[in-house]
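Novice: What follows is a structure written as structure tokens; I'll ask about it next.
Coordinate-derived values only; no laboratory data. All values derive from a computational prediction rather than experimental measurement. Here the Cβ positions follow ideal geometry from the backbone for every residue, glycine too, while neighbour counts run over all protein chains shown.
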Amino acid sequence: MAEALEATTGAAGVLLLTFVLAWTASASYAVATGRSGGDAVLHAPREMARLLRQRRRDTISADRLLWRLAGWSLLPVAVLLVALVPLEDAALLTGSLGVVWANTLDILVWAFVWLVGWGANSVVGLVGGYRFLALALAYELPLMFALVAPALAAGSLDLAVVAGAQGSLWYAAWMPVAFVAYLLGVLGFSVLGPLAAPAGRESAEGVLAELSGPDALVVRAARYALLGAGAAVAVPLFLGGASGPWLPGAVWVLLKALLLTAALAWVAGRLPALRVHRLVEPLWTVLLPLVVLQDLVVGIVVVAGR
Amino acid sequence: MTLETVLLVASALLAVGLYGALSQQVVVMVMMGLELMIAGVLLALGGFWWFLSPDPSGQVLLLVVLAAMTVEMATGFAVATLLHRRAGSDMTDMATELHE
Amino acid sequence: MSTVSTVSTVSTMGLVDVAFWACALVAVAMGVLVFVVDSMARATYALAASFVATGGALLLMQQSYLGVVVVLMMVMEMAVMAVYMVMFMGMNPALMPMSMVHSHRAAIGVAVVTFVALGSGAVLVPWPERRGSPSPDVTEALGTAIMESHMLVMMVVGPVMVATIVVGVLLSSSRTRYDRMGDDLDQPALDPPALERREERR
Amino acid sequence: MEMAPGGIPLAEGDDDRDGLEMDVLVHPLGPLLDHWPGGLELHTRLHGDVVAHVEVQRPASPTHVPAAVAAWDAVARVLSLVGDDVWAARARMVRDQHPGPELDGGGGRVRARLARLARHHVLPHSVTDVLGRLLDERIDASTHRLDDAALASLLEGHDLGDVRLLVAAHAPLLEPSAAGAGRG
């Protein structure tokens, strides 16, 4: 009975945290795109009120089942990602394979974003879907190899162990390439900032183009939630997890997650969206080899340190 | 969950995949049939491993099956693209005609 | 998710059974749906769901790493597969339902015979008792096996994968880097190759 | 067999660079679209996301906007399209001050930003090129008009996103002149 209660409060906490992270990301993004502070904070609730009242608009011969299913599945992916993050020493979803699960969840985003584009049976949606997959192939491999680095250094795929293995020197400090590649991947699977081409304004918002009402709300919210969730997972991976002076560990995790979310969203909001073919080549030919090199360096350090 | 039930499910997957691989005309659908068959094989091997001899070597075999699956898919897609460019066709029947 | 795999198998046998049958049902039902639904997008994603359920069944047999990797790889692959479906299917079956099968009955016959043969084999063969027990950390044991006793396997798989990438690109691409950057590879790359500019260069 | 379920023709194949089926799509752009010259309509045939064929339809009545204002408006639209909202707002501010060819500080900074975006290939070279000429008034928007054929040949072969950027950048040259107003 006590177990069930604990699980329920844990789940409620994860939901709340996802919500707060998404709101932080959206507000910070809005500030970066030139809104004033108060306006930016109120932007999310205002959009929520507007979209909830909006009438649902359908396209001709849309694959409604897959379209809706995919749109509404993005937010749960973000929630599950947040649930993987160990707050003190254990996460809501513990397990020895946290890193691999995080990777699997971000792969699920592939399927859902493509379906959001495809399902609407509209040209811009389809073009957005194509763009997303081309971009996803390019950002995913650096992201995967970036995930290898902290796991290799800690000798474990368990996020709690990875967080605990970082002493005073956080992995972000001595694995900068992996950290950057990871954050770029986060922007990729939240389709924001420089990697926003699949939902780019120049293609009438691509995969988002035909969404309306509550469907549009959940997908738009999910983009910010995914950014926040990705940043939260970076805390145990690269930012020392619960380590920090004075405050309790859980507070440090939350604080780091919120700060990283705000910073990442701000940078993303400041940068223009890059055209896909401008991104794909450097991601494959520059970033991927660099990240593999980073893994090699980490491997050598681990072997030498034994 | 016993070895028998796992194998039963695995053979069901294999049979469905076999039906698809034999009956479909479009190359990509044939490959989906093959994929289902490999999923059946994977499940059966997993069952054997867990219920007969759970030592690491069995897992290595599963990993190899998984790798074979990716090789099959990648090469299959490449051949399908090549066929399509050469003949403008994606049907297995037409590929045979090309051969004749 | 991964908590399931750490549940002790003795105390909650019932729960694992239920989970297994749920996975099995989803895996087979979605597998059948692949060849039933009209829409190619639905077919690919039914296959993805079937694979996720297969991965779930593997998780229940404590093969957490392989289970997760099956889910990861297959969802990725199906997302890409959907694009191939769009590229290759002559018309859009999502909007214009039609049947694209040949020797339908024979295929069903072969499938049923296979299922009966394999299924009866699975039930009737007197399987031996289990030898040994799984190591406490299956993932670590697998990693050690790959990197120590079975290193040769990985050393073969690696080059095969690289060869696959090269073969795949060579077979499927019609444009080469000479098309993009001129005969001496010294011109700015044309991406996307504007139609007329390409013709001019030829 | 009627190949247009729901009134939308099915995608088909064409003799294009990738030779693939089902990627030829018919897609109208305009007449009312965000960051788009009002009334301009393009009927496009796409190969995947590459615009292969364009038919142009223009608004009948010209609007009379000073050349410099039109040029700065084009800059703001292009920046908005690539999601560079802060600088788009700055470009609109410059536009609202009714600028001349001699620039104050704000205009200079936006131009520096444009140059930086061009250097990093965020914007296609041709877009920044034409924007630069418009701002310098090296092209006279009243005489250098793009007719339908010129606009179509400018756009064909480009990616859908680049087409939006090109149209936004060339918008000041697309205004129907008084003489051509009757053509439709």
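Novice: Mind checking A:121-134 for the average number of partner chain beta-carbons within 10 Å of each residue's beta-carbon? Could you put the intermediate results ahead of the total?
Specialist: Values: counts 6, 3, 11, 4, 0, 9, 9, 2, 4, 5, 4, 1, 5, 2.
Going residue by residue through A:121-134 and averaging, the value is 5.
Novice: On a 0 to 90 degree scale, rounded to 10, what angle separates helix B:3-23 from the longest Cα axis of chain B?
Specialist: Roughly 0 degrees, rounded to the nearest 10.
Novice: Given the rule -39500 (n - 2.57) for each run of at least 4 DSSP H residues, summed and divided by the residues of chain A, what is its mean residue ellipticity at 222 nm, to the nearest 500 deg cm²/dmol? Intermediate results must be reported in sequence, preceding the final value.
Specialist: Details: 12 runs with 221 residues, N = 306.
Taken over chain A, the calculation gives -24500 deg cm²/dmol.
Novice: Taking 20 °C and 1.002 mPa s as the conditions, I'd like the Stokes-Einstein D for segment C:8-93 in µm²/s, using the Kirkwood hydrodynamic radius from alpha carbon pairs.
Specialist: Details: Rh = 13.8 Å.
Reported coefficient: 155 µm²/s.
Novice: Here is a further query. Can you list, largest first and rounded to whole Å, the semi-axes you get for segment A:180-306 by taking the square root of 5 times each eigenvalue of its Cα gyration tensor? Please report the intermediate quantities before stating the final value.
Specialist: Working: eigenvalues 183, 104, 20 Å².
Its equivalent ellipsoid spans semi-axes of 30, 23, 10 Å.
Novice: Continuing with the same structure: Below 8 Å, C-alpha to C-alpha, sequence gap of six or more: please give me the relative contact order for chain A in percent.
Specialist: Result for chain A is 28 percent.
Novice: Something else about it: Between the helical axis of A:123-154 and the dominant principal axis of chain A, each derived from Cα atoms, what acute angle in degrees is found, rounded to the nearest 10?
Specialist: Between helix and principal axis, roughly 10 degrees.
Novice: Quick one: Debye curve from the C-alpha atoms of the protein assembly as shown, no solvent, what's log10 I(q)/I(0) at q = 0.11 Å⁻¹?
Specialist: Each listed q corresponds, in turn, to -1.35.
Novice: From Cα pairs below 8 angstrom and at least 6 apart in sequence, can you work out the relative contact order of segment C:8-93, rounded to a whole percent? Working shown, then result.
Specialist: Values: 85 pairs, mean separation 23.9, N = 86.
Reported as a whole number, the value is 28 percent.
Novice: For chain A, find the longest principal axis of its Cα atoms and tell me its angle to the long axis of helix A:2-32, 0 to 90°, nearest 10.
Specialist: With rounding to tens, the tilt is 70 degrees.
Novice: For q = 0.09, 0.15, 0.16 Å⁻¹, what log10 I(q)/I(0) does chain A give under the Debye formula with an equal point scatterer on each alpha carbon and no solvent?
Specialist: These q points yield log10 I(q)/I(0) values of -0.43, -1.19, -1.33.
Novice: Right, another one. With the contact rule set at Cα under 8 Å and sequence spacing of 6 or more, what percent relative contact order holds for segment A:1-89?
Specialist: Values: 26 pairs, mean separation 31.8, N = 89.
Here the relative contact order equals 36 percent.
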